Amino acid sequence: MADTTAPRVKPRPLSPHLQVYRMTLTMAMSIVHRITGAALYFAILVVAWWLIAAGPGPNAYAVFESYIGGWFGRLVLFGYTWALLHHALGGVRHLIWDMGRGLEPAERETLTVVTLIGSIGLTLLLWGAGYLALGGPR
């Protein structure tokens with residue numbers, strides 16, 4: 001009589017990164033680069049809302065301003081600014097790597113730290129300049 005039981009399937013091996021590799025700053029920033037890219041994809045809805053609200057007139061724009069002008073809206077804009085700058089600097093870092101430069105371990109870590117500190121610093125600088133140009137927080 002034939003065996004009617006399901007054939008035995010060998011268990012698939014686990015990916016080696018689960019056991020072998022330790023998390024490095026470069027790996028973490030690669031993950032953050034992907035997250036900021038996805039966040040920017042959805043954050044463009046705020047930009048679209050801003051542009052659409054500017055068209056019909058002052059009443060529609062006032063509704064947009066009431067949402068974005070509060071503390072939560074400014075927090076969203078601050079996060080959007082940081083994500084945009086971090087993602088852009090991460091893209092420059094990847095461009096440097098694509099040119100075959102900065103691939104040694106110490107150079108990779110340096111570029112990663114520069115990306116992180118640069119994105120935070122540029123965000124603070126941009127927001128500080130914006131507040132100074134507008135005469136301070138309203």
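The values are calculated or read from the model by the stated rules, or taken from the named source; none is laboratory data. All figures in this text were calculated on a predicted structure; none of them were measured in a lab. Using ideal geometry, Cβ is built from the backbone for each residue, glycine included, and neighbour counts are taken over all protein chains shown. Side chains included, ligands, DNA and RNA excluded: accessible areas come from the protein's heavy atoms. Shrake-Rupley method; radii C 1.70, N 1.55, O 1.52, S 1.80 Å.
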The number of residues in the range 86-127 that are more than 19 Å from ILE31 (Cα to Cα) and among the polar types (S, T, N, Q) is 1
Can you tell me which residues in the range 18-68 are surrounded by fewer than 13 Cβ atoms within 10 Å (Cβ to Cβ) and not aliphatic (A, V, I, L, M)?
-> GLN19, TYR21, ARG22, ARG34, TYR41, PHE42, GLY55, PRO56, GLY57, PRO58, ASN59, SER66
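Results for (1) in contact with a Gly (Cβ under 7 Å, 6 or more places away or on another chain); (2) open to solvent by 70 Å² or more (accessible area, probe 1.4 Å); (3) modelled with pLDDT of 95 or more, shown as yes or no for each residue.
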| residue | (1), (2), (3) |
| --- | --- |
| THR81 | no, no, yes |
| HIS86 | no, no, yes |
| ARG93 | no, no, yes |
| ILE96 | yes, no, yes |
| THR110 | no, yes, yes |
| GLY118 | no, no, yes |
| THR123 | no, no, yes |
| TRP127 | no, no, yes |
| GLY130 | no, no, no |
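Can you give me the number of residues within the range 66-76 that are in contact with a helix residue (DSSP H, G or I) (Cβ under 8 Å, 6 or more places away or on another chain) and either in contact (Cβ under 8 Å) with a residue 24 or more places away in the chain or among the acidic types (Asp, Glu) (or both)? First the steps, then the outcome.
From the range 66-76, those in contact with a helix residue (DSSP H, G or I) (Cβ under 8 Å, 6 or more places away or on another chain) are 67-68, 73-74, 76; that's our starting set.
Now restrict to residues that are either in contact (Cβ under 8 Å) with a residue 24 or more places away in the chain or among the acidic types (Asp, Glu) (or both): 76.
Of the residues in that region, 1 qualify.
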Hey, ALA28 out of contact with any Lys or Arg (no Cβ under 8 Å at 6 or more places or on another chain) and closer than 24 Å to LEU85 by Cβ or not | yes
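Look at PHE42 and say whether it is within 30 Å of GLY136 (Cβ to Cβ), free of Cβ contacts under 8 Å to residues at least 24 places away in the same chain and not charged (D, E, K, R). Steps first, answer last, please.
Working: within 30 Å of GLY136 (Cβ to Cβ): no; free of Cβ contacts under 8 Å to residues at least 24 places away in the same chain: yes; not charged (D, E, K, R): yes.
Taking the combined requirement at face value, the residue does not satisfy it.
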Could you please find all residues in the range 100-128 being among the hydrophobic types (A, V, I, L, M, F, W, C) and closer than 18 Å to HIS86 by Cα?
-> LEU111, VAL113, VAL114, LEU116, ILE117, ILE120, LEU122, LEU124, LEU125, LEU126, TRP127
